[in-house]
Every structure is written in C-alpha cells, then in structure tokens.
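The values are calculated or read from the model by the stated rules, or taken from the named source; none is laboratory data. Not measured: the values here are computed from a predicted model. A quick note on method: Cβ atoms are made from the backbone with ideal geometry, for glycine too, and the neighbour counts reach across all protein chains shown.
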Amino acid sequence: MSVVKIFVPCDSAAVSVGADRVARAIAAEAVSRKIDVTVVRNGSRGMYWLEPLVEVETAFGRIAFGPVKPGDVASLFDAGFLTGGAHRLALGKTEEIDWLQRQQRLTFARIGVIDPVSIEDYRQLGGFAGLSRALTMAQTAIIEEVIASGLRGRGGAGFPTGIKWKTVQSVVAAQKYIVCNADEGDSGTFADRMVMEGDPFMLIEGMTIAGLAVGATKGFVYIRSEYPHAVATMRKAIERARAAGFLGPNTGKPFGLGGATFDLEVRVGAGAYICGEETSLLESLEGKRGQVRAKPPLPALKGLFGKPTVINNVLSLAAVPWVLAHGGKAYADYGMGRSRGTKPLQLAGNVKRSGLFETAFGMTLRQLVMEIGGGTASGRPLRAVQVGGPLGAYFPESLLDTPLDYEAMAAAKGMLGHGGVVVFDDTVDMAAQARFAFEFCAIESCGKCTPCRIGSTRGVETIDKIRLGFERDKNRALVEDLCTTMTDGSLCALGGLTPYPVMSALTHFPEDFNRSAPTRVAAE
Amino acid sequence: MNPATSWDETSARAIIDAERSKAIDFLGPDGETATSLLPILHALQEYFGYVDRAAIPLIADALNISKAEVHGVVTFYHDYRDAPHGTHVLKICRAESCQAMGVQRIVDHLRNRHAVKPGTTTPDRRLTIEDVYCLGNCALSPAALFDDEPMGRIDEATIDDLIASAGART
C-alpha cells in the first residue's frame with residue numbers, strides 16, 4: 001500500500017485553533033498504530049470555521065474532516081478515515097463542499113491544496129506558466145495583457161495595474177524597483193496573509209513578471225510585523241526560488257530561456273498602520289518615519305530612492321501569473337461593469353461561516369453575509385456590516401443588496417477596499433464604532449497633514465459630547481463639518497476616508513447617538 | 001520569549017554593520033542610504049529585547065544621518081521599545097472584527113479578575129499585555145498573539161490559562 005497523504009494546514013489562523021497540535025497527534029497516532037503516513041502542511045482552504053481542517057488523499061479524491069481537535073485523532077483512525085471512513089467530523093469530498101463550489105478561485109486556486117514551499121507542487125498545478133510565457137514576450141506585450149485583463153489595484157484604491165506598469169516601463173532609468181505592499185493592516189482582511197502563507201511562489205512569480213514588464217531588477221515585499229508566519233514563509237520561499245534559479249541573475253534558466261535578472265527581499269514593518277499607504281511604505285523602506293509623501297510626483301516616476309517604482313498590493317501581483325498564463329481576456333470575462341476579474345472577499349466578525357471567498361465581482365453583500373456566511377455567529381439579528389476595513393462604511397440591513405464592486409460600493413457611499421467584510425449583531429453600539437474610527441485615525445495618523453492629525457482627535461472629543469448629550473445638534477453639525485474637511489483636505493486615505501465609518505454610522509444609525517439624556521451646558 | 005541580553009556597545013556595532021552590509025549587498029549604491037534603519041532596529045530589539053538609547057548615536061554615525069532622525073524613527077513606529085518587556089508578551093487584537101466578537105469582555109475580565117490592563121506589565125515582570133490592531137485572524141476572532149504563537153477564538157478561560165502558563169502573579 002502506498003503511503004497515505006494527510007493534509008493539516010500550517011496557515012497561522014489554523015494554527016491559532018490547534019492545527020500544529022493536531023498534526024503532531026496524527027503523526028504520533030500513526031506511529032503507534034504502525035501505519036505509514038505523510039503529513040503535509042498545506043495552506044488553508046479559507047473555511048476557517050472548520051479549522052483545523054484535516055484532509056486525506058484517497059482513491060476518490062481528497063476527503064475533509066473538521067474541525068478536528070487533538071482528542072478526535074484516535075477516533076478518526078478507529079473510523080478508518082484514511083480510506084474515507086464515516087466519522088461525525090466527515091465533510092465529504094473537499095472540492096464538493098458548498099462554500100468552495102460556489103467560488104471562482106483564480107488567485108486562490110492552489111491555496112490549501114499544495115505544500116506552500118514546494119516548488120514541485122507549485123509547478124504541478126500550473127505555477128510558473130505565466131512567467132515562462134512572459135519570458136518570451138516583449139515588455140509592452142506583457143503590459144498589454146495586464147491592461148486587457150482589466151485588473152485594478154486590489155489593495156483598495158482600484159487603480160488599473162497595467163496603466164501603472166506602463167508608466168514605469170515608459171521611463172528610462174538605470175534602476176527601477178518592484179515593491180509589494182504586504183502591510184495588510186485593515187482589520188477584517190487576511191487574504192494577503194493567506195497568499196504569503198499558502199502560495200508564496202505565486203507572489204514571487206507575479207513580482208518577477210512585473211520586473212520583466214517594466215525593466216526592474218530588484219524588489220521588496222514589505223510585510224507587517226504582526227505577520228511573523230507570513231514573513232517566515234516568504235523568506236523560505238524566496239530562498240528556495242533563488243536556489244532553483246527562479247530568482248537571481250538568470251530567471252529564464254529553469255525554463256531553458258534567455259536571461260532576465262530579478263531578485264527580491266522581505267522587509268518587515270514596525271507596527272505602523274499608515275505604512276500600508278504606498279508613499280509611507282516607500283519612506284519606511286528608505287529608513288524614515290512612515291510619513292505620507294505629497295503626490296505628484298507619482299511613485300511610478302519617483303518612487304523608492306527616487307527611482308521609477310511599481311508598487312502593488314499582494315493580491316494585484318498574485319493575480320498576474322494567472323493573467324499571463326490564461327490571457328488577459330480570460331480574466332476580464334469574470335466580473336461586472338468596470339470591475340473585472342475576481343475579488344477575494346474576507347468574511348469576518350460575528351458571522352457563522354467565516355473565511356476567504358473568492359468570486360467574480362458583483363455578488364451582493366446580502367448573498368455573501370447571509371447565504372455564504374449563514375448570518376451572525378451569535379444567532380442574534382444582524383445590525384451592521386463594515387466593508388473595506390477600518391476606513392470602510394458601515395452598511396445597515398437595508399443596504400445589504402448593494403453589489404460588491406468598486407462603483408456600486410462608491411455609489412452607496414462606501415468602498416470595497418481590500419475586500420474585508422465584518423459583521424456585527426444588534427449588540428453593537430454604533431456611536432462607539434464611530435468614536436473608534438476617529439480614535440484609530442488619531443493613533444495611526446502619521447501627523448503630516450492637519451485635517452487627519454488634529455481632526456481625528458477633535459472628532460473623538462465631539463463624538464463624546466454627542467454621546468453625553470451635550471449640545472447634540474450643534475456637535476453633530478460639527479462632526480459633519482469636520483468630516484468634510486478631512487475628506488477634502490487630507491493628504492491620504494487615512495484622514496480622507498475615516499469619515500466613511502463615522503458618517504455611515506451617523507446617517508444609518510442615528511438612534512445610537514441619542515442614547516443618554518441631553519446634558520445641560522453647565523455639566524460640561 | 002527572547003531573554004534580553006544586557007546592553008553592550010560591541011555587539012550593537014556588529015549588528016548595525018551586519019544589517020548595513022546586507023542592504024548594500026542587495027541594493028548596491030542605494031543600500032548606502034538609511035534604508036537599513038528598520039532592519040537594524042529590529043535586529044537590535046531582537047537581540048537586546050529593546051532599543052537602548054545608547055544605540056542611537058551609533059546608528060546615526062553608521063548611516064550618516066542625524067541622531068534626531070534616528071530618534072524620530074524609533075519613536076514613530078509602535079514596535080520599538082525603550083525598555084525590555086515582560087518575559088512573555090500577550091498581544092490582544094482590539095480591531096473591529098474582534099470587537100464584534102466581544103474582545104471588550106475579555107479585556108474587562110483581565111482588568112477585573114487579574115488587575116492587569118493592556119499597555120502594562122505584571123509586577124513580577126512575567127507578562128506584558130499589549131493592544132494590537134489586527135492580526136489577520138479575523139475569521140477566528142477574538143484573536144491574540146502569545147509570544148509568537150497565534151491564538152484564535154479566545155475567551156476568558158484562555159486568558160486564565162495563558163496567565164498561568166506565563167507564571168505571572170496578578
């Protein structure tokens with residue numbers, strides 16, 4: 001009998017609920033029963049409510065069991081789970097689980113399937129197909145393919161990726177850079193982390209293709225320090241890619257193709273949310289305080305060390321290998337309106353089934369939260385859904401039919417951002433959430449522009465006055481005025497978008513701001 | 001966690017030079033700028049457990065920037081500490097997804113039951129508690145990081161266990 005492969009995720013979220021202990025228990029149990037098994041540590045399939053999700057490779061395909069606790073391991077062996085035996089944790093064939101079946105996984109196709117740091121696994125499932133094609137193409141042809149895909153910046157701003165590349169390519173410079181923004185600070189988002197922990201070679205491949213397209217020979221992945229596991233996996237993958245010749249002086253060599261030079265390194269952030277803003281990130285890479293730069297000049301023209309620089313989010317760069325392997329048009333066939341392709345959505349907070357859901361643009365918020373997510377985890381009525389991280393708007397129940405695409409979200413005075421969706425039940429105090437938005441902005445403001453630096457602190461104070469019932473109408477008007485100033489006058493999205501959560505809370509949930517009895521002026 | 005090594009200038013200089021050389025090896029001329037500053041600070045903190053003030057002039061000298069610039073960077077980023085933290089560190093996520101799953105209750109429990117609050121270290125210096133805004137484990141909120149070990153779906157009992165395993169008297 002051949003050795004049975006058992007998959008137990010090494011994804012840090014799976015580990016956070018005991019995946020390492022389960023992997024050890026399985027290995028120990030197999031030894032004591034004298035059964036020859038290989039435990040593969042894969043990425044996560046993104047069905048986090050089922051983690052640790054254990055899969056077994058059988059004659060009929062991979063069979064899933066979850067959530068598995070170390071104490072369940074002996075009973076799994078007793079039930080014959082290695083041949084797909086019946087067990088109360090059995091979920092059937094992994095690929096037939098509804099949550100996965102309803103997705104259109106392009107970027108996440110391999111995540112949860114392969115050993116993240118195995119180049120062999122990666123190549124077997126289509127890895128490096130995009131790069132090998134790009135190596136035979138002219139720079140402009142690669143860029144045309146990316147433009148044709150309609151790919152827009154997945155970090156949140158939604159700027160067309162191909163156009164950015166074209167700008168960098170068209171400048172003549174002795175040195176250009178590729179920078180990957182992996183400072184995934186938005187709460188409610190974890191797709192970048194999953195890519196780095198679950199399929200790091202895809203990101204390396206995407207960055208290498210970007211390097212070829214614009215003529216850049218060096219790159220950085222800037223990862224936030226809150227992601228120690230992603231840092232370790234990326235570093236290991238880079239080392240292996242370099243050793244195998246996919247990075248370094250001749251990236252074409254493994255394909256028997258001519259020379260192109262590209263190499264990259266990981267840099268670790270230091271706990272500043274603002275460094276997710278592209279110009280702050282560049283400052284940070286240069287060894288400075290992460291303060292926002294005024295634009296222009298665009299980073300495409302004067303970026304890292306003043307050199308032309310492509311700076312893209314993890315998900316934008318991770319989408320590129322697929323685009324090159326299958327063609328821009330095939331990617332653009334997914335999606336709606338001006339939002340083409342797929343978007344990895346991240347469902348979190350108070351929701352029954354939480355995780356990563358990649359789908360073509362256009363699914364409504366209600367479908368995602370209610371059908372896919374199954375409503376609140378607490379079982380209480382849903383009250384608000386925040387979309388797009390801490391700078392995203394809170395949607396009330398009545399707006400849940402808004403489609404998840406860039407334009408439709410903007411029309412509803414919100415933004416899709418990095419695709420984080422956080423669900424709240426009816427115990428939430430929306431005035432407290434509005435206050436938190438200002439408070440977070442005050443903590444994380446880089447301090448360069450006044451609307452953000454001062455406005456956020458004044459915002460906290462003014463919300464407090466409203467909550468206490470002190471000159472409520474006057475202070476409400478003041479918050480609105482403050483929000484207008486921050487929107488119009490801030491240098492970057494931190495100050496510019498903090499009004500989204502604040503104003504959406506005020507507009508859709510006014511009753512939460514009137515909870516206490518009005519206070520007399522003298523009480524101040 | 002990492003036992004803090006007491007400050008010594010020779011080790012600090014070696015760390016600074018090593019990080020600077022790495023940047024120059026990778027970047028060439030652009031590596032001779034201050035670009036290695038964050039890696040230097042991370043490496044010093046990893047080794048000593050904090051960034052000693054005495055390192056600031058050494059770094060400024062090596063990178064050819066002013067002491068004020070180094071100080072500015074050290075104080076700008078939340079990660080850098082000017083004194084060692086406790087033997088163990090518990091970072092609790094306070095961002096929206098964890099709020100929606102009741103992290104406030106856990107913080108209240110810490111305060112009421114154990115008389116410790118985020119941003120402080122237990123008197124016996126066994127455990128430091130810190131706030132963090134998002135650990136990317138939002139699908140398993142409330143989330144925390146105990147030293148480098150991720151923790152998901154934490155509750156009051158998890159906190160009691162962690163405090164016990166840190167050997168902290170609260």
Checklist outcome for this item: Just one listed residue, out of A:421, A:351, A:369, is touching a Gly at 6+ places or on another chain (Cβ under 6 Å) and of a type in the set (A, V, I, L, M, F, W, C), and it is A:351
Checklist entry - With (1) within 29 Å of the chain's Cα centre (by Cα); (2) over 18 Å from residue B:139 (Cβ atoms); (3) assigned to a helix (DSSP H, G or I) as the list, and residue A:39 as the residue in question, which single condition is left unmet? => result (3)
Checklist entry - Considering only residues of region A:267-283 that are facing another protein chain (nearest Cβ under 8 Å) and not in a loop (DSSP other than H, G, I, E, B), which is modelled with the lowest pLDDT? => result A:273
Checklist entry - If you check B:66, B:36, which single one turns out to be outside the structural domain of residue B:141 (by TED's automatic domain parsing) and buried (at least 21 other Cβ atoms within 10 Å of the Cβ)? => result B:36
Checklist entry - For residue A:174, are the conditions met, namely being farther than 19 Å from residue A:305 by Cα, within 14 Å of chain B (Cβ to nearest Cβ) and of a type in the set (A, V, I, L, M, F, W, C)? => result no
Checklist entry - Of the residues that make up region A:198-210, is at least one farther than 24 Å from residue A:420 by Cα and within 14 Å of chain B (Cβ to nearest Cβ)? => result no
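Tell me yes or no: at least one residue of region A:319-340 is polar (S, T, N, Q) and at pLDDT 95 or above.
No, because not a single residue in region A:319-340 is polar (S, T, N, Q) and at pLDDT 95 or above.
So which residues in region A:189-209 are among the hydrophobic types (A, V, I, L, M, F, W, C) and either in a helix (DSSP H, G or I) or at pLDDT below 95 (or both)?
A:191, A:194, A:195, A:196, A:201, A:202, A:203, A:204, A:207, A:209
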Next on the checklist: Kindly evaluate residue A:251 against the criterion of being polar (S, T, N, Q) and within 17 Å of residue B:27 (Cα to Cα).
Outcome noted: no
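Would you list the helices (runs of 4 or more DSSP H) that sit entirely within region A:455-524 and hold 2 or more residues that are among the hydroxyl-bearing types (Ser, Thr, Tyr) and out of contact with any strand residue (DSSP E or B) (no Cβ under 8 Å at 6 or more places or on another chain)?
So the answer is A:472-489, A:499-508.
For every residue, the table says whether it meets (1) within 26 Å of residue A:467 (Cβ to Cβ); (2) out of contact with any Pro (no Cβ under 8 Å at 6 or more places or on another chain); (3) within 12 Å of chain B (Cβ to nearest Cβ); (4) among the polar types (S, T, N, Q).
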| site | (1), (2), (3), (4) |
| --- | --- |
| A:349 | yes, yes, yes, no |
| A:374 | no, yes, no, no |
| A:383 | yes, no, yes, no |
| A:423 | yes, yes, yes, no |
Next on the checklist: Against the definition (assigned by TED's automatic domain parsing to the domain that holds residue A:151, within 24 Å of residue A:135 (Cα to Cα) and touching a Pro at 6+ places or on another chain (Cβ under 6 Å)), how does residue A:238 come out, yes or no?
Outcome noted: no
Checklist outcome for this item: If we take region A:305-396, then strands (runs of 3 or more DSSP E) inside it with 2 or more residues that are within 25 Å of residue A:203 (Cα to Cα) and not assigned by TED's automatic domain parsing to the domain that holds residue A:167 are A:342-349, A:355-360
Item to check | Count of region A:269-293 residues which are under 18 Å from residue B:19 (Cβ atoms), surrounded by fewer than 24 Cβ atoms within 10 Å (Cβ to Cβ) and under 20 Å from the mean Cα position of the chain (by Cα) | outcome: 1
Checklist entry - For residue A:407, all conditions in the list (1) farther than 27 Å from residue A:351 by Cα; (2) part of a helix (DSSP H, G or I) hold save one; what is the number of the exception? => result (1)
Checklist entry - Does region A:54-61 contain at least one residue that is modelled with pLDDT of 95 or more, within 30 Å of residue B:101 (Cβ to Cβ) and not polar (S, T, N, Q)? => result yes
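What residue, of A:272, A:243, A:260, A:213, is under 30 Å from residue A:135 (Cα atoms) and out of contact with any helix residue (DSSP H, G or I) (no Cβ under 6 Å at 6 or more places or on another chain)?
Values: A:272 fails: under 30 Å from residue A:135 (Cα atoms); A:260 fails: out of contact with any helix residue (DSSP H, G or I) (no Cβ under 6 Å at 6 or more places or on another chain); A:213 fails: out of contact with any helix residue (DSSP H, G or I) (no Cβ under 6 Å at 6 or more places or on another chain).
The match here is A:243.
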Checklist entry - Does region A:387-434 hold any residues that are modelled with pLDDT of 95 or more, under 18 Å from residue A:499 (Cα atoms) and of a type in the set (D, E, K, R), and which are they? => result A:429
Checklist entry - Going by the structure shown, is residue A:92 within 30 Å of residue A:33 (Cβ to Cβ) and either within 20 Å of the chain's Cα centre (by Cα) or surrounded by fewer than 19 Cβ atoms within 10 Å (Cβ to Cβ) (or both)? => result yes
Next on the checklist: Please list, ordered by residue number, the helices (runs of 4 or more DSSP H) wholly in region B:72-170 having 1 or more residues that are more than 9 Å from every other protein chain (Cβ to nearest Cβ).
Outcome noted: B:103-114, B:156-165
Item to check | region B:143-167: number of residues that are under 20 Å from the mean Cα position of the chain (by Cα) and under 23 Å from residue A:347 (Cβ atoms) | outcome: 6
Item to check | Residue that is farthest from the other protein chains (Cβ to nearest Cβ), among those in region A:284-294 that are in contact with a Ser or Thr (Cβ under 7 Å, 6 or more places away or on another chain) and assigned to a loop (DSSP other than H, G, I, E, B) | outcome: A:293
Next on the checklist: As an exercise: evaluate residue B:53 against (1) more than 30 Å from residue A:375 (Cα to Cα); (2) buried (at least 18 other Cβ atoms within 10 Å of the Cβ) and give the number of the one condition it does not meet.
Outcome noted: (2)
Checklist entry - Is one or more of the residues making up region A:462-479 small (Gly, Ala, Ser), free of Cβ contacts under 8 Å to residues at least 60 places away in the same chain and closer than 30 Å to residue A:194 by Cα? => result no
Item to check | Counted residues, region A:436-452 - those being surrounded by fewer than 17 Cβ atoms within 10 Å (Cβ to Cβ) and part of a loop (DSSP other than H, G, I, E, B) | outcome: 1
Checklist outcome for this item: The residue from A:469, A:489, A:455 that alone is surrounded by 23 or more Cβ atoms within 10 Å (Cβ to Cβ) and more than 14 Å from chain B (Cβ to nearest Cβ) is A:455
Checklist entry - Going through region A:10-42 one residue at a time, which ones are in contact with a His (Cβ under 9 Å, 6 or more places away or on another chain) and not charged (D, E, K, R)? => result A:10, A:12, A:15
Item to check | region B:2-38, residues that are away from chain A (no Cβ under 12 Å), in a helix (DSSP H, G or I) and of a type in the set (A, V, I, L, M, F, W, C) | outcome: B:12, B:14, B:15, B:16, B:18, B:24
